[in-house]
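S.K.: My questions all concern the structure below.
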Amino acid sequence: MVFNDDKFMLKNEAAEKLYSQIKDQPIFDYHCHLDPKEIFEDKVYDNIVDLWLGGDHYKWRLMRANGVSEEDITGSASKLAKFKAFARTIERAYGNPVYHWSAMELKNIFGISEPLTQANAEQMYHQLNEYLVRHQISPRKLIADSKVTFIGTTDNPLDDLEWHQKLADDETFSTVVAPTFRPDQAFIEHGQFSSFVEDLGQLTGKTITDFQTFVSALEDRVAYFADHGCKASDISFTEIVFESAEESELDCLLQKGIQNQQVSQHAIRQWQTAVFSELCRLYKAYGFVTQVHFGALRNNHSVLYHKLGADIGIDSMGDQTALAVNMNRLLDHLSVTDRLPKMIWYNLNPSYNITVANTLANFQANEAGIKSYLQFGAGWWFADTKLGMISQMDALAEQGMLANFVGMLTDSRSFLSYQRHDYFRRILASYIGQWISQGEVPEDYEALGQMVQDIAYNNAQAYFKN
């Protein structure tokens, strides 16, 4: 069997037939961390390290595991030295998804079927750099070649969205690039909460003195984002909590947060519950899909964190107690108060997959006819793997309706990451193909072909445009 050929990851003839129906579909990338300024400026890359290794903490984490010096990862080593260090790593990274992603990127984008190794690293480094310049590889070219119709970026509520507006006004670029409202700093445990409140007040012209004026100022920004084409919000929680509070308590907490006073974990849970509840009310009113990422334990290697900052490859999947209780209480509260928006929930720890899928099934009732109003999102971050994707689909299929799944997203800062959609589609085709080969579903390629087409593209397009 040949590695990374046309049948890559396709386990049987049924998988091949299903994959043939989705391999050329466009991509609806509803959540990523691409920079709209980079998309607008569209500068041609001239070095593979900038495009392939810059800011990629998946690769940095793997290189550290292979004993590579930090100088050759995030330090001042030459670009060739960094590329060689990655080559020494990737040639030994069998079983890690980065091994597959890298091979797919080399083949599908640069036409190189030969695996990257220490032996061919220098030759491939120069070959890739020459290709970048000769083919004028830029953000827009990579987006167009991947047939991406929609990109949802991740944006600070205080952003003026200048680059989104410039892209919207650019008639030469057909891909929609929409902002996503990401108010992490609105939560009191965030290290920049005090400055966020001050800046929010100045930007909106509101004097923020209590919880209601804080929420009112947030609504101004939600409305601003809506006016600039926003389709979704996002938030990252360490844990899912539900802790009620009186408004007087929230007013007091706001003042403590503004003054950088220490608050208890109980108070943090109260603030998270109240602010998220109010945001969900706004998201429902403005038609935003509400994305919830939870379970990340961040910045664990304190020495590297203080040296390099966040998002450098030192985060972990977390755990928590009473997830089912808190998640059910939170969703029920949103339902009772008529503020339950369309939501996508991404769980970082696969051990909770059944719990999440089962809980979401309790709250699918809606009179708008929306299929799977609450979505169980694709495997995220450490679960963005072959086994992670299969585990997520297993849970969703058993506890809900896999046919309504909105499918894959990149959740990446790299313009090369669209190959992950192809990786997912191959895994999806094999997953359903095994059902066929094992006689678990009828051998109906019209119905099952429609199902995989929907998961690969159609469901997301419909869900975000409803």
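The values are calculated or read from the model by the stated rules, or taken from the named source; none is laboratory data. Quick caveat: nothing in here was measured; it's all calculated off a predicted structure. Backbone-built Cβ (ideal geometry, glycine too); neighbour counts: all protein chains shown. The accessibility values were calculated without ligands, DNA or RNA, using every heavy atom of the protein model including side chains. Shrake-Rupley method; radii C 1.70, N 1.55, O 1.52, S 1.80 Å.
S.K.: For residues that are over 12 Å from ASP234 (Cα atoms) and open to solvent by 30 Å² or more (accessible area, probe 1.4 Å), tally how many sit in region 171-184.
M.R.: First pass over region 171-184, keeping only residues over 12 Å from ASP234 (Cα atoms): 171-178.
From what's left, open to solvent by 30 Å² or more (accessible area, probe 1.4 Å): 171-172, 174, 176.
Looking only at that region, the number is 4.
S.K.: Failed condition for SER430, given (1) touching a residue at least 12 places away in the same chain (Cβ under 8 Å); (2) open to solvent by 50 Å² or more (accessible area, probe 1.4 Å), with all others met?
M.R.: The number of the failed condition is (2).
S.K.: Related question: Search region 62-77 for residues being aliphatic (A, V, I, L, M) and not in a loop (DSSP other than H, G, I, E, B), and hand back the single one that is farthest from GLU91 (Cα to Cα).
M.R.: Here is the first cut: in region 62-77, the residues aliphatic (A, V, I, L, M) are 62-63, 65, 68, 73, 77.
Now narrow it down to the ones that are not in a loop (DSSP other than H, G, I, E, B): 62-63, 65.
Working: LEU62: 11, MET63: 11, ALA65: 13 Å.
If we take residues in region 62-77 being aliphatic (A, V, I, L, M) and not in a loop (DSSP other than H, G, I, E, B), then ALA65 is farthest from GLU91 (Cα to Cα).
S.K.: For a quick check of your reading of the model, give me the residue pairs whose first member lies in region 167-185 and is in the same structural domain as THR154 (by the TED database), whose second is assigned to a loop (DSSP other than H, G, I, E, B) and among the charged types (D, E, K, R), with beta-carbon atoms closer than 8 Å and at least 6 apart or on different chains.
M.R.: Hits for this filter: ALA178/LYS231; PRO179/ASP159; THR180/LYS231.
S.K.: Of the residues that sit in region 145-163 and are closer than 19 Å to ILE235 by Cβ and over 19 Å from the mean Cα position of the chain (by Cα), which one is least open to solvent (accessible area, probe 1.4 Å)?
M.R.: Ranking the qualifying residues of region 145-163, first place goes to LEU161.
S.K.: Next question, about the same structure. Out of ARG339, ARG281, report the one residue that is in contact with a Cys (Cβ under 6 Å, 6 or more places away or on another chain), in contact (Cβ under 8 Å) with a residue 40 or more places away in the chain and either crowded, with 22+ Cβ neighbours inside 10 Å or among the basic types (Lys, Arg) (or both). Can you show your working first?
M.R.: Numbers: ARG281 fails: in contact with a Cys (Cβ under 6 Å, 6 or more places away or on another chain).
Result of the check over ARG339, ARG281: ARG339.
S.K.: Okay, moving on. Given GLN272, GLN320, which one is under 30 Å from ALA65 (Cβ atoms) and touching a residue at least 12 places away in the same chain (Cβ under 8 Å)? Write out each step before concluding.
M.R.: Details: GLN272 fails: under 30 Å from ALA65 (Cβ atoms).
Going through GLN272, GLN320 in turn, the sole match is GLN320.
S.K.: Being open to solvent by less than 20 Å² (accessible area, probe 1.4 Å), of a type outside the set (Gly, Ala, Ser) and assigned to a loop (DSSP other than H, G, I, E, B) is the requirement here; does VAL44 meet it? Please lay out each step first, then the result.
M.R.: Details: open to solvent by less than 20 Å² (accessible area, probe 1.4 Å): no; of a type outside the set (Gly, Ala, Ser): yes; assigned to a loop (DSSP other than H, G, I, E, B): yes.
No, not satisfied.
S.K.: What are the residue pairs meeting all of these: first residue in region 194-219, first residue on the phi > 0 side of the Ramachandran plot and without any contact (Cβ under 8 Å) to a residue 60 or more places away in the chain, second residue acidic (Asp, Glu) and surrounded by fewer than 17 Cβ atoms within 10 Å (Cβ to Cβ), Cβ atoms under 9 Å, and 6 or more apart or on different chains?
M.R.: GLY205/ASP220
S.K.: Step by step: first the residues of region 43-56, then only those that are modelled with pLDDT of 95 or more and not β-branched (Val, Ile, Thr), then the one that is nearest to GLY309 (Cα to Cα). Which residue is that? Give the derivation first.
M.R.: Of the residues in region 43-56, the ones modelled with pLDDT of 95 or more are 43-53.
From what is left, the residues that are not β-branched (Val, Ile, Thr) are 43, 45-47, 50-53.
Working: LYS43: 26, TYR45: 25, ASP46: 27, ASN47: 24, ASP50: 19, LEU51: 21, TRP52: 20, LEU53: 17 Å.
Per the stated criteria, the residue is LEU53.
S.K.: Taking the condition of being surrounded by 15 or more Cβ atoms within 10 Å (Cβ to Cβ) and in contact with an Asp or Glu (Cβ under 9 Å, 6 or more places away or on another chain), how many residues in region 258-276 meet it?
M.R.: The initial filter retains those residues of region 258-276 that are surrounded by 15 or more Cβ atoms within 10 Å (Cβ to Cβ), namely 258, 263, 267-276.
Filter once more, keeping what is in contact with an Asp or Glu (Cβ under 9 Å, 6 or more places away or on another chain): 258, 263, 267-274.
Number satisfying all stated conditions: 10.
S.K.: While we're here: Within region 260-282, how many residues turn out to be in contact with a Pro (Cβ under 6 Å, 6 or more places away or on another chain) and either farther than 25 Å from GLY379 by Cα or assigned to a strand (DSSP E or B) (or both)? Before the answer, list the steps.
M.R.: Taking region 260-282 and keeping what is in contact with a Pro (Cβ under 6 Å, 6 or more places away or on another chain), we get 280.
Still in the running and either farther than 25 Å from GLY379 by Cα or assigned to a strand (DSSP E or B) (or both): none.
Looking only at that region, the number is 0.
S.K.: Counting just the residues of region 23-41 that are over 15 Å from LEU416 (Cα atoms) and either among the acidic types (Asp, Glu) or not assigned by the TED database to the domain that holds ILE427 (or both), which one comes out least open to solvent (accessible area, probe 1.4 Å)?
M.R.: Across region 23-41, the extreme among qualifying residues is GLU41.
S.K.: Something else about it: What about LYS107, is it of a type in the set (D, E, K, R), under 27 Å from ALA310 (Cα atoms) and either modelled with pLDDT of 95 or more or under 27 Å from the mean Cα position of the chain (by Cα) (or both)? Write out each step before concluding.
M.R.: Working: of a type in the set (D, E, K, R): yes; under 27 Å from ALA310 (Cα atoms): no; either modelled with pLDDT of 95 or more or under 27 Å from the mean Cα position of the chain (by Cα) (or both): yes.
In short, no.
Matching residues to (1) outside any helix (DSSP H, G or I); (2) under 29 Å from ASP56 (Cβ atoms); (3) more than 15 Å from the chain's Cα centre (by Cα):
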{"residue": "ALA403", "(1), (2), (3)": "no, no, yes"}
{"residue": "THR410", "(1), (2), (3)": "yes, yes, no"}
{"residue": "PRO442", "(1), (2), (3)": "yes, no, yes"}
{"residue": "GLN453", "(1), (2), (3)": "no, no, yes"}
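S.K.: Report whether or not ILE354 is open to solvent by less than 20 Å² (accessible area, probe 1.4 Å) and aliphatic (A, V, I, L, M). I'd like the intermediate steps shown before the answer.
M.R.: On the way: open to solvent by less than 20 Å² (accessible area, probe 1.4 Å): no; aliphatic (A, V, I, L, M): yes.
When the stated conditions are applied, ILE354 does not pass them.
S.K.: Shifting gears a bit: For region 391-401, what are the residues that are surrounded by fewer than 23 Cβ atoms within 10 Å (Cβ to Cβ), of a type outside the set (A, V, I, L, M, F, W, C) and either part of a helix (DSSP H, G or I) or in contact with a Cys (Cβ under 8 Å, 6 or more places away or on another chain) (or both)?
M.R.: Once the filter is applied, which keeps residues that are surrounded by fewer than 23 Cβ atoms within 10 Å (Cβ to Cβ), of a type outside the set (A, V, I, L, M, F, W, C) and either part of a helix (DSSP H, G or I) or in contact with a Cys (Cβ under 8 Å, 6 or more places away or on another chain) (or both), region 391-401 yields SER391, ASP394, GLU398, GLN399.
Yes/no matrix, rows are residues, columns are (1) among the hydrophobic types (A, V, I, L, M, F, W, C); (2) closer than 20 Å to GLU239 by Cβ:
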site: HIS306; (1), (2): no, no
site: GLY309; (1), (2): no, no
site: ASP315; (1), (2): no, yes
site: LEU323; (1), (2): yes, yes
site: LEU331; (1), (2): yes, yes
site: ASP338; (1), (2): no, no
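Conditions (1) of a type in the set (Asp, Glu); (2) in contact (Cβ under 8 Å) with a residue 12 or more places away in the chain; (3) surrounded by 14 or more Cβ atoms within 10 Å (Cβ to Cβ), marked per residue:
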site: SER102; (1), (2), (3): no, yes, yes
site: PRO115; (1), (2), (3): no, yes, yes
site: ALA119; (1), (2), (3): no, no, no
site: GLU122; (1), (2), (3): yes, yes, no
site: TYR125; (1), (2), (3): no, yes, yes
site: TYR131; (1), (2), (3): no, yes, yes
site: HIS135; (1), (2), (3): no, no, yes
site: SER138; (1), (2), (3): no, yes, yes
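S.K.: Take region 433-453 and flag every residue that is without any contact (Cβ under 8 Å) to a residue 12 or more places away in the chain and open to solvent by less than 50 Å² (accessible area, probe 1.4 Å).
M.R.: VAL441
S.K.: State which residue is nearest to TYR58 (Cα to Cα) when the search covers only region 412-427 and only residues that are touching a residue at least 60 places away in the same chain (Cβ under 8 Å) and outside any loop (DSSP other than H, G, I, E, B). Can you show your working first?
M.R.: Initially, region 412-427 is screened for residues touching a residue at least 60 places away in the same chain (Cβ under 8 Å), giving 412-423, 425-427.
Now restrict to residues that are outside any loop (DSSP other than H, G, I, E, B): 419-423, 425-427.
Numbers: GLN419: 15, ARG420: 13, HIS421: 17, ASP422: 18, TYR423: 16, ARG425: 21, ARG426: 21, ILE427: 20 Å.
Going through the qualifying residues, I end up with ARG420.
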